[in-house]
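S.K.: Handing you a structure now.
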Amino acid sequence: MNEKRFLTLADVGEVLNISSSQTYALVRSGELPAIQVGGRGQWRVESAKLEEYIAGAYRKAAAARSAMPMDSTMPWEKAADA
């Protein structure tokens with residue numbers, strides 16, 4: 001088992017393919033649980049918490065899709081029709 005238990009915010013951003021400021025905003029808002037470690041208070045995210053966050057994002061996306069009417073047009077499709 002070579003997986004790291006804790007990830008830096010840079011590692012998290014790489015996994016999610018988002019910027020460092022977006023990663024920090026997720027932590028700062030509490031949406032993604034993290035801890036501060038060391039004398040400089042650097043943020044770390046537990047790998048399990050990141051996986052829980054990703055699973056929750058999939059659930060949220062599925063709920064949003066199921067709430068959409070089957071014949072609804074996406075906003076970008078409306079612009080293409082005009």
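S.K.: When LYS4 is evaluated against the numbered criteria (1) touching a residue at least 24 places away in the same chain (Cβ under 8 Å); (2) surrounded by 15 or more Cβ atoms within 10 Å (Cβ to Cβ); (3) outside any helix (DSSP H, G or I), which criterion, by number, is the only one it fails?
M.R.: Going through the list (1) touching a residue at least 24 places away in the same chain (Cβ under 8 Å); (2) surrounded by 15 or more Cβ atoms within 10 Å (Cβ to Cβ); (3) outside any helix (DSSP H, G or I), LYS4 breaks only (2).
S.K.: Here is a check on your reading of the model: is SER19 exposed (fewer than 12 other Cβ atoms within 10 Å of the Cβ) and under 22 Å from LYS60 (Cβ atoms)?
M.R.: Yes: the conditions hold for SER19.
S.K.: On the basis of being of a type in the set (Lys, Arg) and either under 13 Å from the mean Cα position of the chain (by Cα) or not in a strand (DSSP E or B) (or both), does ARG44 make the cut?
M.R.: Numbers: of a type in the set (Lys, Arg): yes; either under 13 Å from the mean Cα position of the chain (by Cα) or not in a strand (DSSP E or B) (or both): no.
Judged against the criteria, ARG44 is not a match.
Read the figures in this text as sums done on the coordinates, not as results from a lab. For clarity, every value in this text was computed on a predicted model and none was experimentally measured. Cβ sites come from the backbone with ideal geometry, for glycine too, and all protein chains shown count toward neighbours.
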